[in-house]
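The structure appears below as structure tokens.
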Amino acid sequence: MSMSHPVVRGGSVFASKVPYVPYCSSENREVNSESRKKENTRFLTTMKIVRKDLVPDGPGSVKMVPVDSDDLWYAYNLIAPGDSVMAVTVRKVLREVASGGRDAERVKLKLEIKVEEIADYDTLGSVLRIRGKNILENEYVKIGAFHTLELELHRPFVLRKAVLA
């Protein structure tokens, strides 16, 4: 028996309903297992919604902050190829130094990518990796360059969809 719950509760649903699988494995439920045992109830977390700009049957965007590994699972099911995702990321850039050589440096920057694939959902590390092409002009990354964004707990990201379902 499959149950459906809205992805974003406490307001309008952003895209669609996704199936809810209660506590499917013990590996990715270690964080709050003790508090959940005490409550002895089914616990659904609510992803923190910072800002939303929604138009029924039109384009929309939502700035979210995942607070639990379940929130990353909801994001995994919500994000689709063709959507755009903006987040702060770290990228290794090469700089030419005065001696004529090159020096690699890690730079923290804000990128927006057009999603081509959801590369990986790591339940143990609570990381969702999304691969796509950069669509936001930046000093370090050219438009059209591929990048993999890592969505992590307590790090905000903005999801833009062309059409809300």
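The values are calculated or read from the model by the stated rules, or taken from the named source; none is laboratory data. Please read all numbers here as calculations on a predicted model, not as lab measurements. Cβ: placed from backbone, ideal geometry, glycine included. Neighbour counts: every protein chain shown.
The condition of being of a type outside the set (Asp, Glu), surrounded by 14 or more Cβ atoms within 10 Å (Cβ to Cβ), out of contact with any Gly (no Cβ under 9 Å at 6 or more places or on another chain) and not in a loop (DSSP other than H, G, I, E, B) does not hold for Ile113.
As a summary of the residue check, Leu153 satisfies the conditions (1) out of contact with any strand residue (DSSP E or B) (no Cβ under 7 Å at 6 or more places or on another chain); (2) at positive phi; (3) modelled with pLDDT of 90 or more except for the one numbered (2).
Of the listed requirements (1) over 21 Å from Met47 (Cβ atoms); (2) of a type outside the set (Gly, Ala, Ser); (3) surrounded by 15 or more Cβ atoms within 10 Å (Cβ to Cβ), Val97 misses just one: (3). Note down all Cβ pairs under 6 Å where the first residue falls in the stretch 82-103 and is within 28 Å of Val127 (Cβ to Cβ) and part of a strand (DSSP E or B), the second is modelled with pLDDT of 90 or more and acidic (Asp, Glu), and they're at least six residues apart or on different chains. Within 6 Å, the pairs are Ser84/Glu112; Met86/Glu112.
Is it the case that the stretch 89-100 has a residue that's under 17 Å from the mean Cα position of the chain (by Cα) and not aromatic (Phe, Trp, Tyr)? Quick ask: steps written out before the conclusion?
Taking the stretch 89-100 first, the residues under 17 Å from the mean Cα position of the chain (by Cα) are 89-90.
Still in the list and also not aromatic (Phe, Trp, Tyr): 89-90.
Yes, that holds for at least one residue.
I'd like the full set of residues that are farther than 13 Å from His154 by Cα and either touching a residue at least 60 places away in the same chain (Cβ under 8 Å) or basic (Lys, Arg) (or both), limited to the stretch 49-74. Matches in the stretch 49-74: Arg51, Lys52, Leu54, Val55, Pro56, Asp57, Gly58, Pro59, Gly60, Ser61, Val62, Tyr74.
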